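One structure is given below, encoded as structure tokens.
What follows draws every value from the coordinates through simple rules; no lab data is involved. On a predicted model such as this, the values are computed, not experimentally measured, just so you know. Glycine gets a Cβ as well: all are built from the backbone with ideal geometry, and neighbour counts include every protein chain shown.
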Amino acid sequence: MNTKKPSDDELKEFLLKMYLEEVQAEEEIARKAKEHKEIHETLRKLAPTEFYEYLSEQNPPIRCSICGNSKFSTPTTSTVDRSKLPANMSELTKDEQKLAREAARRLLVTYTFLTDMSGEVDYKKAYYPLHCRTCGHLDLFRASVINLWKEQKEKAEFSSESDPMDECEDE
Ligand SMILES: [Zn+2]
């Protein structure tokens with residue numbers, strides 16, 4: 001084989017191209033990771049009570065489309081709401097910290113993705129599941145629809161006058 005050797009300039013250009021492709025690929029990976037993190041953060045906010053409130057606002061009474069029963073469950077995960085932790089957390093004793101963490105703990109509905117072959121994490125393909133406790137039938141609700149409902153509800157609550165009793169509520 002008689003391969004022609006590249007000139008110094010050709011070699012430089014080739015390496016520069018490879019370098020730029022590598023940088024672009026890394027930027028793309030970082031961009032995707034940030035986007036995925038934001039999607040998960042958006043999805044990890046629905047409380048089971050909000051999910052049931054959404055369902056009850058549809059066309060009650062809600063019944064299983066297979067067996068007709070009306071007892072449902074939804075898978076949940078628990079998380080500590082950091083904004084509900086006391087500011088002086090580090091000054092508390094171990095037991096007090098444990099109590100504070102328990103008080104700040106909240107339940108969230110877990111979600112699942114119906115992805116295509118690419119396995120791409122897509123917000124529009126995220127669903128909150130609802131199981132029938134009698135026959136096990138599974139219903140999936142599009143997360144983007146529920147989150148939009150939640151957003152509009154929160155906006156409406158924010159714009160209406162706040163009830164002074166709410167502010168006194170001891171949680
Ligand atoms: Zn059922």
Open item on the list: Just checking: which of the strands (runs of 3 or more DSSP E) contained wholly in segment 67-157 hold 1 or more residues that are within 16 Å of the ligand (Cβ to nearest atom), of a type outside the set (D, E) and without any contact (Cβ under 8 Å) to a residue 60 or more places away in the chain?
Closed with: 126-132, 138-142
Task: Residue that is nearest to the chain's Cα centre (by Cα) [pool: residues in segment 46-66 that are surrounded by fewer than 13 Cβ atoms within 10 Å (Cβ to Cβ) and away from the ligand (no atom under 16 Å from the Cβ)] - done: T49
Task: Test set (1) assigned to a helix (DSSP H, G or I); (2) without any contact (Cβ under 8 Å) to a residue 40 or more places away in the chain; (3) within 16 Å of the ligand (Cβ to nearest atom) - A33 fails condition number - done: (3)
Open item on the list: Of the conditions (1) surrounded by fewer than 10 Cβ atoms within 10 Å (Cβ to Cβ); (2) among the basic types (K, R); (3) under 28 Å from E154 (Cα atoms), K125 satisfies every one except a single condition; which number is it?
Closed with: (1)
